[in-house]
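So the structure is just underneath, and the comments pick up after that.
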Amino acid sequence: MKTAAIFLASTVLTSGLLAVPAVAGELPAVDGVNGKLELFGTGTKPPPTYWNLGGWNPDRRWRAGGGGAGAVTFPLGGSFGAQVESMLAVWNGKSVVGVGGHLFWRDPSVGLFGVYGSGSYFGTVSGIGVARAAVEGELYLGRFTLEGMVGVEGGKRRYDAGYFNVNAFGAPYFASSAWGLKTRFYDKVAVAYYVTDNFKLSVGQLYTGGKAMATLGAEYGFALAPGMAGSVFVDGHIGGRNTAGVRGGVKVYFGQSDKTLIRRHREDDPVINLPTDLVTLSNTPNTVVTPLPQATTPTCMFEGMVIPCGKPPS
């Protein structure tokens, strides 16, 4: 009876929510040099912008984009590793180029702690730079992973060409489009659960571009060839002032051996964070409206009446 109870308890622990995928012995922070490529398409809906009547601009069209990102991860001794990553994309009709890097300590049976830095450039010669510096961490609890990144982001504030106009009441104004990439707090936190060793679901929170958002994600992995695996993924966000977005695509993993998705995430490469910069860009544009003084006609008193100067009543 006692033996049966012990067997039942062990079966529940190894097949239930907290079941831990088998890991043979102590593993290094990075299981040899490995890499990842991802191709994605994205659509974002920016927050409303201020307009001349004091309301919100009804132009809430989705901005489309797409591109690719890649990373190479390599060990730096038993407990430390590093990753360099890059991105080339097109968003809202303009090119985006980005580079970033992770330096971290990791125990694949416990978690990860490290630092992250990146920079992206949007547009052409007079484009906009987005920079980010943060600390990051992961905690592995069986099939659950708690992951987060906290730091600062910033960039060059830029004004596009402005224009003069008058509102419905005849008052003149000057309007200009601005990209408010000022230095501010940034964070990304999520709870991931591996339904199977190759199927990951996540829910979390993201704060970037001055907007707070809820996030959802899913990724399904499958074998491709010896040492290689593929996956399909989709991520979405919705948040402050009705900003929203979705990104989806495919990934290809290159490693030292055949592995499930959960093992690749915990033994090989950290997440490529550069596509977050597209969300940052989507959240920052706004329109600045400056009222202009109206021209007035001089008035004079004539026999107790106020009239335009130089024009006596007939």
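The values are calculated or read from the model by the stated rules, or taken from the named source; none is laboratory data. All of these numbers come straight from a predicted model, not from anything done at the bench. Note that we place each Cβ from the backbone using ideal geometry, even for glycine, and neighbour counts take in every protein chain shown.
Within the stretch 84-112, can you find the residues that are charged (D, E, K, R) and either at pLDDT below 95 or within 23 Å of ALA131 (Cβ to Cβ) (or both)? The answer is GLU85, LYS94. The conditions of being part of a strand (DSSP E or B), of a type in the set (A, V, I, L, M, F, W, C) and out of contact with any His (no Cβ under 7 Å at 6 or more places or on another chain) are not met by ALA214. Only residues that are assigned to a helix (DSSP H, G or I) and over 22 Å from the mean Cα position of the chain (by Cα) were counted across the stretch 220-242, and they come to 0. The residue pairs whose first member lies in the stretch 247-265 and is under 21 Å from THR215 (Cβ atoms) and β-branched (Val, Ile, Thr), whose second member is part of a strand (DSSP E or B) and modelled with pLDDT under 95, and whose beta carbons are closer than 8 Å, counting only pairs six or more residues apart or on different chains, do not exist in this structure. Looking at the stretch 84-102, which of its residues are under 16 Å from the mean Cα position of the chain (by Cα) and either of a type in the set (S, T, N, Q) or not in a strand (DSSP E or B) (or both)? Listed by number, the residues that qualify are SER86, ASN92. Within the bounds of the stretch 247-260, is there any residue that is touching a helix residue (DSSP H, G or I) at 6+ places or on another chain (Cβ under 9 Å), modelled with pLDDT of 90 or more, at negative phi and in a strand (DSSP E or B)? Yes, some residue in the stretch 247-260 is touching a helix residue (DSSP H, G or I) at 6+ places or on another chain (Cβ under 9 Å), modelled with pLDDT of 90 or more, at negative phi and in a strand (DSSP E or B).
When THR284 is tested against (1) surrounded by fewer than 19 Cβ atoms within 10 Å (Cβ to Cβ); (2) at pLDDT below 90, exactly one condition is not met: (1). Give the residue that is surrounded by the fewest Cβ atoms within 10 Å (Cβ to Cβ), with candidates limited to residues of the stretch 130-157 that are within 18 Å of THR284 (Cα to Cα) and over 16 Å from the mean Cα position of the chain (by Cα). The qualifying residue surrounded by the fewest Cβ atoms within 10 Å (Cβ to Cβ) is ARG157.
Every condition in (1) surrounded by fewer than 21 Cβ atoms within 10 Å (Cβ to Cβ); (2) in contact with a Phe, Trp or Tyr (Cβ under 7 Å, 6 or more places away or on another chain); (3) closer than 22 Å to ASP187 by Cβ is met by TYR220 except one, and the failing one is (3). The set of residues in the stretch 192-206 being crowded, with 16+ Cβ neighbours inside 10 Å and farther than 14 Å from HIS237 by Cα consists of ALA192, TYR194, ASP197, ASN198, PHE199, LYS200. GLY127 meets each of the listed conditions (1) surrounded by 15 or more Cβ atoms within 10 Å (Cβ to Cβ); (2) out of contact with any Lys or Arg (no Cβ under 8 Å at 6 or more places or on another chain); (3) closer than 21 Å to VAL152 by Cα apart from (2). State whether one or more residues within the stretch 76-83 are under 15 Å from the mean Cα position of the chain (by Cα) and either modelled with pLDDT under 95 or not in a loop (DSSP other than H, G, I, E, B) (or both). For the stretch 76-83, residues under 15 Å from the mean Cα position of the chain (by Cα) and either modelled with pLDDT under 95 or not in a loop (DSSP other than H, G, I, E, B) (or both): absent.
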